[in-house]
Amino acid sequence: MEIYQKHHRPKIGIGYRVGHLTVANPTRQRKNGYTVWRCRCDCGGELLLDTRCLQRGTIADCGCLSKTKPGQRDITRMRFGKLVAVEPTDLRAEGTVVWKCRCDCGGEILTSLHQLCCGYRKSCGCLSRPPLKDFVGKRFGQLTVMAYAGKQNGMHRWRCRCDCGQETVVGQTLLQTGRTKSCGCLQAEAYRDNLKLVDGTSVTILEANKKKLNRNNTSGYTGVYLDQKRSKWIAKIGFKGKTYYLGAYSDKQDAIKARQKGEKLHDDFLEWYYSRRHPSKIGKI
């Protein structure tokens, strides 16, 4: 027996219309105690719907017009705060369909029907973050803001031109807090300064090699390693961007001595460097 209150819901029968659907005839099927009806769509398609679904009017076509599936609630173009429902997806969350929604700010978001209907989601996230600023023409460090570059991962982004001539896209928050002040050239300059590059040779690296052995070294001495195929100890040294081969030796100590002779290049270079820039360090190398 079908259970519904006649004065609250319409009586379903042959010829009853819901949207583009017309009830054709009842079937012998039942769903939760309700009759399942065969319905024809204006496009010629057919589908089966139970009495409760027809009374609620949640399905208005066979799927030819709407993107919702039979049994799904259609919230297309409905507004939830700053969000407007665009279309359902094949994803599910919290037991409900995940919808693609467009925010008034231009952003898009995927969120569940449950989140929308309960009022837990009212924007793409822009309401919980600082509003879009007018940064065009303003300077932040070496960066000059040229244009708005859209929103990504919930952050407003700006296209900027650096004083060095390069362009880069930077998040609004990074500009406001001063965490980004260039296209990256400031960091690169600081890196080069730390290396103390002179004629393609790093003073910092030369000094470090004298004090600390590379952890990948197996010979116990920088610039000396074992060639297992030849069973020879190889001695090499790098200087001004080039690597010099100092010979192959059967005895490791001979290879170390060759390397030590080659290191005179480094010693002479460091002595020259400090004699010009830091006279007080001569004799301490």
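All of the numbers you see were taken from the coordinates with simple rules; none came from a lab. Small disclaimer: the values here were computed from a predicted structure and weren't measured. Note that each Cβ is placed from the backbone with ideal geometry, even for glycine, and that neighbours are counted across all protein chains shown.
Could you sort out which of LYS232/LYS261; LYS122/LYS181; LYS100/LYS138; LYS229/LYS261; LYS100/LYS181 sit more than 29 Å apart by Cα distance in this structure? Kindly include the intermediate steps, with their values, before the conclusion.
Numbers: LYS232/LYS261 19 Å; LYS122/LYS181 34 Å; LYS100/LYS138 35 Å; LYS229/LYS261 26 Å; LYS100/LYS181 36 Å.
The answer is LYS122/LYS181; LYS100/LYS138; LYS100/LYS181.
Find the centroid of the Cα atoms in segment 85-116 and in segment 168-182, then give the distance between the two in whole Å.
31
Give me HIS20, HIS156 sorted ascending by neighbouring Cβ count inside 10 Å, so fewest comes first. Show your work: numbers first, answer last.
Working: HIS20 18, HIS156 22.
If I rank by nearby Cβ atoms, fewest first, I get HIS20, HIS156.
Please report the net charge: other residues with Cβ closer than 12 Å to the Cβ of THR144, K and R +1, D and E -1. Please list the in-between numbers first.
Details: positive: LYS138, ARG139, ARG159, ARG161, LYS181; negative: ASP163, GLU167.
With Lys, Arg at +1 and Asp, Glu at -1, the neighbours total +3.
Using each residue's phi in segment 77-92, evaluate 6.51 cos²θ - 1.76 cosθ + 1.60 at θ = phi - 60° and report the 3J(HN,Hα) Karplus result to the nearest Hz, with x for Gly and Pro.
Once θ is set to phi - 60°, the couplings for segment 77-92 become 6, 7, 9, 9, x, 8, 9, 10, 5, 9, 6, x, 10, 7, 7, 9 Hz.
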